[in-house]
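One structure is given here, and the rest of the page talks about it.
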Amino acid sequence: MNLEAAFWVALSVTAPWAWPRLRRRLGPWVDPFHPLAPWAHAILPAYVALVRGAVLGRDLGLYGPDVGQFAAGLLACAAGLGVAFAARRWLSPTADSPLTALQEEPRWALYRAAGILWLGGLIPGVGLGLGLAALEMGLAAGWWKAEARSRPTSWLPLLRAGFSAALFFVTRSFWLTAATQAGVLALLSGAGGKKVETRGA
């Protein structure tokens, strides 16, 4: 196991649980920096791991796939967007904006890249990456508490992580995966809009 990759993964996984506790200890002087915390969490561990060589850009999905994979990836992305567009009339609007995808995808890419590095294969690596994403969400949401597990909203990021893993498996591209996730959230942020307008007419 690459120990430096393990360090950056551990930092990213535990940050949502650790930051609120650290913030309380540090006091109000860190409050002006709090809006930047989601972006720091999203970008810094993956970026530093990449530039230090702890994970590979290929495993992160930063480099273009071959022509066949790119074509299959575009089809998969179009299918995902099509399903989201077709389903938006029957779904409640999501509170998550497309920016949410841009904050989630770098972390999930780091987990997948580390998994591929440690396990030596795409399928087990993507599976381990999804497991690490679930661990991060569980720590952040407090899944060890029954009331937290009973909230449907606490499980929605896990559905997005599963969709991200499936997209990456087909596309091998961070860029296509992130763009599709952002597009899906953009569509679902207005979900049910036509239905509500029809009722009010």
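No value in this document is a laboratory result; all are computed from the given coordinates. No experiment lies behind these values; they were computed from the predicted model shown.
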List, in order, the whole-Hz ³J(HN,Hα) value for each residue of the range 70-83 obtained from phi through the Karplus relation with A = 6.51, B = -1.76, C = 1.60 and θ = phi - 60°; use x for Gly and Pro. 5, 5, 5, x, 4, 5, 5, 5, 4, 5, x, 5, x, 5
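List the relative contact order of the chain as a percent without decimals, with contacts defined as Cα pairs under 8 Å and 6+ residues apart. Before the final figure, lay out the partial values.
Details: 247 pairs, mean separation 66.4, N = 201.
Answer for the chain is 33 percent.
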